1. Between ASN74 and THR30, with labels modelled 7 Å along Cα→Cβ, what's the label distance in nm to one decimal, could you check?
2. In whole Hz and in residue order, list the ³J(HN,Hα) couplings for region 171-179 that follow from phi through the Karplus curve 6.51 cos²θ - 1.76 cosθ + 1.60, θ = phi - 60°; x for Gly and Pro.
Amino acid sequence: MRPAPCLLLLLSLVAAGWHARADAQIRRCTGTDGNSIFTDRKCNDVGATDSVPRGAGTAPAIGGKAYARGCSRNIRDLIFELTAAIDSRDTNRLAGLYNWPGMSNNGGYAILSRLDTMANRPLVDISPVLPSPQLSLDADGHATVTGDIDPGIAGATVRRAPVALRVVQTTSSRGDAASTVFGLRKYMGCWWLVL
């Protein structure tokens, strides 16, 4: 039994749409004025050139070795990757640390533009932002600090995990500083940055 012509037409349209979606990718191009352009079309289609020469599927080299980033299983690894992305001025590597699920197209372009600006500024410092201690009242009505002191051991402090990372960078030749605070999110067993 042969399929109906309408069914074949419908299946071919779905397959064509599926293939077009799979090929879509965001490219970073350099315009004639030197500014970055992010597009899903070829750079020369928008009157720009590739920002990074495209190889035949090779990973960028770092220290002579191919770079293949995995998931940041702890915050220390995330800080290392964040430092390396900014030091190498690699917007794509920096974007690879961001938690994108649920992001709209407009929101994604806005975040990518902010990340590109950050990737092109010199890094001064990355420091953890710790949660603020909690105040509570004891049975006598006296305020006590909780969350940073271990009640079982006098004078001992509890190690608190950071809730964010503060990135300090210079913005001009005069040394003006800009600070960006990234929230931290654990997703699929990995640590990610959020704005």
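Read-outs throughout are calculated quantities, based only on the coordinates presented, and are distinct from any laboratory measurement. Quick caveat: nothing in here was measured; it's all calculated off a predicted structure. All Cβ positions, glycine included, derive from the backbone under ideal geometry; neighbour counts span all protein chains shown.
1. About 3.9 nm, to one decimal.
2. Here the 3J(HN,Hα) series is 10, 8, 5, 7, x, 4, 9, 10, 10 Hz.
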